[in-house]
Every structure is written in structure tokens, then in C-alpha cells.
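The values are calculated or read from the model by the stated rules, or taken from the named source; none is laboratory data. A quick note: this is a predicted structure, and the numbers were derived from the prediction, not measured. No Cβ is skipped: glycine too gets one built from the backbone with ideal geometry, and neighbour counts run over all protein chains shown. Ligands, DNA and RNA are stripped out before the accessible areas are found, and what is left, the full protein with its side chains, is counted by its heavy atoms. Shrake-Rupley method; radii C 1.70, N 1.55, O 1.52, S 1.80 Å.
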Amino acid sequence: HTVEIISTRACNAHLSSGCRVVARAAVGSAPLVAVADQRTGTVYILNSDSDTVSVLNGARCNATVTSGCGRPVGTVKVGKFPEAAVLNPVTRTLYVANLNSGTISVVNVATCNGQVTRGCAAPPATITDKAGAQWLDVNTVTGTIYAANPGKSGNGDTVSVIDGNTCNGIDHSGCGRTPATVTVGSGPFGVAVDQTTNTVYTANNNDGTVSVINGAACDAQVTSGCARPPVTVTTGAG
């Protein structure tokens, strides 16, 4: 039920005198992931057992100021077992992958953050991703969300390609559409977008490969290349 806070100014590669827990913030049950919004100084904590996202005011709960760590300023109810999240700073949207409900929650962080909480109680829009997303990343230039889908069994082999331009915190018009998918290796437990080359990489846990997806041919606007098998790189196991 807690998130521990460490001062990176006093605990880093050059200084170790402050390598200790400065404070503990109270959150939901079994917190798995923390996502920071630099614009508002907000930290969003995914609580896997509570099926919620705790909203912490980073201005009042940090390595220097700890008076606001006692409780979250807001709580967002999401799907079952939230396990991954990514924030698009352009559309002011937090996407939360809920493994056990096969959905992705779409949270408007412009109305739910450390300073403004009026939107935190509103049910977020949802995207259906029955394949079971466990990792998310975003291309902020194209507005595309890529969701790696190993599923509950861990044997899935797809990446969902979501149009964040029509499914975000403000515009929900595209949230009901079935996303395009790319077939990758078995058990894609990680996905990373290179904004410069518009390339998407997935780490495929079960077959020791990395899939290399051409984002220019498979994104929110262009899906013609999503059906093509991506290039693969053989790596170590797991």
C-alpha cells in the first residue's frame, strides 16, 4: 500500500550519503507501476489489486517536501489488474492496460492531476484489447499507442495499434474501434518506440527475439504495413 521516495540528488553515481528512503506515500493495494507527468508534477500509481490509479501531488510529496504523502489527492477506477501505462503529453492522456479485463483505460490527465482533481471520479473511456496488453508505449508524433499483448497465458504474439488521435482524454470517438494488430514473436513483454526513426521494437520473451516494426507503415493513420511480418533479431533467452 505504499510508494517509497528516494532523493536522487543525495543518492546517485557520485553521492551515496543520502541513499535511504525519505518518505512513504500511501496508495492502493499492490502498486506495480509509477508514471510521472512532468508538466503538472503528478505521479500516477497503478494498483493491481485495487483496480485503481492513485494520483499523487508531486509538488507536496517528493524528496524535499513530504507533507502531501499521507494520501493521494485523487483515485481513478480502472479495469481489472492494471499492469502497464503510458502518458501522451501531447493529448494529455494516460493509457492504462488492464490485463484481466482485456481493456485499456483512457484517463484525461488535464482534469485529473496533482492540482486539478475534478475529473478523477469520472469513469474513463475504454479500449477493448482482449489479447491482453501488458506493456504500452506511444509515438507522440503520430499519436499512436502500441500495446504488446502476451495475454494472461504469456503466450500471445501480437501488438495492438491504437489511434490516440481519436481516442484520448477529450475525444472518445475512436475508442470503440477494433485496433489493427501486428503479429510478432511469442510473449511480447516489452515494447519501445524510437520517435526519431519511427520504429517499434518488441521484446519477445518466449522465443528469444526482438521484432522490428516499421511505424511509418503501421500507425494510427496507415495500417497497410501491419499485416507484414516484421524483421526479427535473435537475442538471448527471455
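Taking 0.36 nm per residue of sequence separation and removing the Cα-Cα distance, the residue 171/residue 224 pair yields an extension gain of 16.7 nm. For the chain, the spread of Cα coordinates along the three principal axes comes to 53, 42, 33 Å, biggest extent given first.
The ellipsoid that matches the Cα gyration tensor of the stretch 143-189 has semi-axes, each √(5λ) in whole angstrom, of 24, 9, 8, with the longest given first. Placing +1 on the Cβ of every Lys and Arg and -1 on the Cβ of every Asp and Glu, with nothing else charged, gives the stretch 147-228 a dipole about its Cα centre of roughly 140 debye.
Over the stretch 112-221, with every protein chain in place, what whole percent of the accessible area is carbon and sulfur at 1.4 Å, could you tell me? Carbon plus sulfur share of accessible area: 52 percent.
Annotation: peptides 33-41, 5-13, 153-161, ranked by per-residue average of other Cβ atoms within 10 Å with the highest first, follow the order 153-161, 33-41, 5-13.
The solvent-accessible area of residue 21, taken with every protein chain present and a 1.4 Å probe, is close to 50 Å². The relative contact order of the stretch 156-238, computed from alpha carbon pairs under 8 Å that lie at least 6 residues apart in sequence, is 27 percent. I need the fraction of alpha carbon pairs in the stretch 171-238 separated by more than 21 Å, rounded to a whole percent. Percentage above 21 Å: 29.
Put simply, the convex hull of the Cα atoms in the stretch 66-183 casts, on average, a shadow of 7.7 nm².
Each Lys or Arg adds one and each Asp or Glu takes one away; over the other residues whose Cβ falls under 12 Å from the Cβ of residue 179, this sums to -1.
The HN-Hα couplings worked out from phi for the stretch 59-75 by the Karplus form 6.51 cos²θ - 1.76 cosθ + 1.60 (θ = phi - 60°) are 6, 10, 9, 8, 5, 9, 10, 10, 5, x, 7, x, 7, x, 7, x, 9 Hz, whole numbers, x standing for Gly and Pro. Solvent-accessible area per residue in the stretch 1-124 equals 47 Å², computed with a 1.4 angstrom probe and all protein chains kept.
Based on the reciprocal of the average 1/r between different C-alpha atoms, the Kirkwood radius for the stretch 2-71 equals 12.6 Å.
Quick one: net charge of residue 202's neighbours, Cβ under 13 Å, K/R +1, D/E -1? Once all neighbours under 13 Å are counted, the net charge is -4.
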